[in-house]
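Engineer: This is the structure, below, for whatever I ask next.
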Amino acid sequence: MKQSIVHIALVVDDYDEAIHFYTQKLDFTLIEDTYQPEQDKRWVVVSPKNSNGTTILLAKASNSIQKDFVGNQSGGRVFLFLGTDDFHGDYQRLLSKGIEFVRDPKVADYGTVAVFKDLYGNLWDLIQFNNEHPMHSRLI
């Protein structure tokens, strides 16, 4: 049996501003943007370019409880992890697009990492795993 985590739902304030951020600032690919009239919402899916892994479902907050979690889905912890095979190139590209890094790059025993914010304040790791790390082979 083979299973995969297909989507991670990320609660957002607005579909179009989230699509713009993820496709223009993070250079993700918009995979799907389908209106669902029966629920009066959109099914919006983005993914890092050239990735066949888990995608992000941009889910617009539809009530006050959900709106309270926009930008803080993990209680202030790093929520998402963007793996790369070119840390320094991606770090410089993200900086040039105005991405705010809240922790500078550091080299750790598992690889090189820096923490940035998305447009709502959710924290992300930009990470390049060392060749010896078990996650390295999952990204190449």
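The values are calculated or read from the model by the stated rules, or taken from the named source; none is laboratory data. Since this is a predicted model, take the numbers as computed values, not measurements. Every residue, glycine as well, gets a Cβ built from its backbone with ideal geometry; the counts of neighbours run over all protein chains shown. Calculation scope for accessible area: heavy atoms of the full protein, side chains included, ligands and nucleic acids excluded. Shrake-Rupley method; radii C 1.70, N 1.55, O 1.52, S 1.80 Å.
Engineer: Give the aspartates and glutamates reachable from Lys106 as a straight Cα distance under 20 Å; neighbours fewer than 8 places away on the same chain don't count.
Structural biologist: Asp85, Asp86, Asp90, Asp118, Asp125, Glu132
Engineer: Tabulate in residue order the Karplus-calculated ³J(HN,Hα) for the range 109-117, using 6.51 cos²θ - 1.76 cosθ + 1.60 with θ = phi - 60°, rounded to whole Hz; enter x for Gly and Pro.
Structural biologist: 5, 9, x, 10, 8, 9, 10, 10, 9
Engineer: A follow-up question, please. Over the alpha-carbon set of the chain, work out the extent along each principal axis and list the three values in angstrom, largest first.
Structural biologist: The Cα atoms of the chain stretch 48, 39, 26 Å along the principal axes, largest first.
Engineer: What is the mean projected area of the alpha carbon convex hull for the range 45-115, to one decimal in square nanometres? Don't skip to the answer; put the middle values down first.
Structural biologist: Details: hull surface 24.9 nm².
Mean orientational projected area (the range 45-115, Cα hull): 6.2 nm².
Engineer: Of the accessible area of the chain, with the probe set at 1.4 angstrom, what percent is carbon plus sulfur? Kindly include the intermediate steps, with their values, before the conclusion.
Structural biologist: Details: 4160 of 8720 Å².
The computed percentage sits at 48.
Engineer: Under a 1.4 Å probe, what is the accessible area of the chain per residue, stated in Å²?
Structural biologist: Numbers: 8720 Å² over 140 residues.
Ligands and nucleic acids excluded, the result is 62 Å² per residue.
Engineer: Between the range 16-33 and the range 64-86, what is the separation of their alpha carbon centroids in Å?
Structural biologist: 16
Engineer: How large is the accessible surface of Tyr110 in square angstrom, using a 1.4 angstrom probe and rounding to the nearest 10?
Structural biologist: 70
Engineer: For a quick check: with amide H placed at 1.01 Å from N, whose amide H comes under 5 Å from Leu82's, ignoring anything fewer than 5 positions away on the same chain?
Structural biologist: The answer is Asp125, Leu126, Ile127.
Engineer: Sort largest first and round to whole Å: the equivalent ellipsoid semi-axes of the range 2-54, each the square root of five times a Cα gyration tensor eigenvalue.
Structural biologist: 19, 16, 9
Engineer: Using unit Cβ charges (K, R positive; D, E negative) and no other charged atoms, how large, in debye to the nearest 20, is the dipole of the chain about its Cα centre?
Structural biologist: Working: 14 positive and 19 negative charges, 38 e Å.
That gives a dipole near 180 debye.
Engineer: How large is the helix-only mean residue ellipticity at 222 nm for the chain, computed as the sum of -39500 (n - 2.57) over DSSP H runs with n ≥ 4, divided by its residue count, in deg cm²/dmol to the nearest 500?
Structural biologist: Working: 4 runs with 26 residues, N = 140.
So the calculated ellipticity at 222 nm is -4500 deg cm²/dmol.
Engineer: Of the chain, which part is the longest with no trypsin sites (Lys or Arg not before Pro) in a loop (DSSP not H, G, I, E, B) and with at most 14 other C-beta atoms within 10 angstrom? Working shown, then result.
Structural biologist: Working: sites that count: Lys2, Lys49, Arg77, Lys97.
The reported range is 3-48.
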